[in-house]
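First up is the structure itself, then whatever we jot down about it.
The values are calculated or read from the model by the stated rules, or taken from the named source; none is laboratory data. Since the model is a prediction, treat every value here as computed from it, not as a measurement. Using ideal geometry, Cβ is built from the backbone for each residue, glycine included, and neighbour counts are taken over all protein chains shown. Please note that ligands, DNA and RNA were not included when accessible areas were found on the heavy atoms of the full protein model with its side chains. Shrake-Rupley method; radii C 1.70, N 1.55, O 1.52, S 1.80 Å.
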Amino acid sequence: HTIEAELREALRRTDQVSVEFQPLFSARRAVIGAEALARWRHPRLGQVSPAHFIPVAESSGLIGQLGEFVLKQACLTGAKFPSRIMAVNISPAQLRDVRFPERVFAILANAGMRPTDLEFEITEGILLEDAGASTEALHTFRAAGIRIALDDFGTGYSSLNYLKRYPVDRIKIDRSFVSQLGHGGTSAAIVEAMVTLAHALRIEVTA
């Protein structure tokens, strides 16, 4: 409850919540884009982990406001670097909002950013819901040139089925597999199989 109340206040201000950009590298070590990530520096609590405040934002209904703030900052930055990918995480609550696509296209237009440079990262949970509004929004975004990435790939039950049913441009291999590379075991074989599968389907891979 404290986090919710403090986050609600932070979103009314301009000096606590910010966006940082994590670079996305090609296999040849060239920067090809970035992922926009929400950060919250509280005056008393210090840096609050996204693992703490993102779930609270989702459960309290603040995720729409927080997500739109991140998207605006990402598009303003992305407009300065055309032909670079700007990845933004979106939540199930945002996708279920029938007005969300309209706001996305308005934000892109106001920022002067091309839809083809924007990539939405979604989790398997969104596809699992198979809600009409969510599915329709994903197809609307894809038709406009916005890319779709499937995050935490390899941790769900039906990942392969989703690749067949939904238009996905990129998979992000879950860090639980990547962190074990170089330490023996089966992670290397699993990651290699994921990469081979994705490339066969003409899907890009992030590890």
Distant-in-sequence amide H partners of Ala87 (H built 1.01 Å from N, under 5 Å): Ala34, Glu35, Ala36, Glu119
Spatially proximal aspartates and glutamates relative to Lys80 (Cα-Cα < 17 Å; intrachain offsets below 8 disregarded): Glu20, Glu35, Asp117, Glu119
Charge-dipole axis of the chain as Lys and Arg at +1 and Asp and Glu at -1 on Cβ define it, positive-most pick from Pro82, Gly125, Pro23: Pro82
Carbon/sulfur fraction of accessible area - the chain, other protein chains in place, 1.4 Å, %: 53
Potential extension, Ala188-Ala109 segment - 0.36 nm per residue separation minus Cα distance: 24.2 nm
Exposure rank, largest accessible area first [Val56, Val31, Val168; 1.4 Å]: Val31, Val56, Val168
Spatially proximal lysines relative to Lys172 (Cα-Cα < 18 Å; intrachain offsets below 8 disregarded): Lys164
Accessible area (Å², per residue) of region 1-128, counting only protein heavy atoms and a probe of 1.4 Å: 55
Solvent-accessible surface (1.4 angstrom probe) belonging to His42, in square angstrom, nearest 10: 10
Beta bridges per DSSP with both ends in the chain, % antiparallel, nearest 5: 40
Listed residues Ile173, Ile54 arranged by accessible area, highest first, probe 1.4 Å: Ile54, Ile173
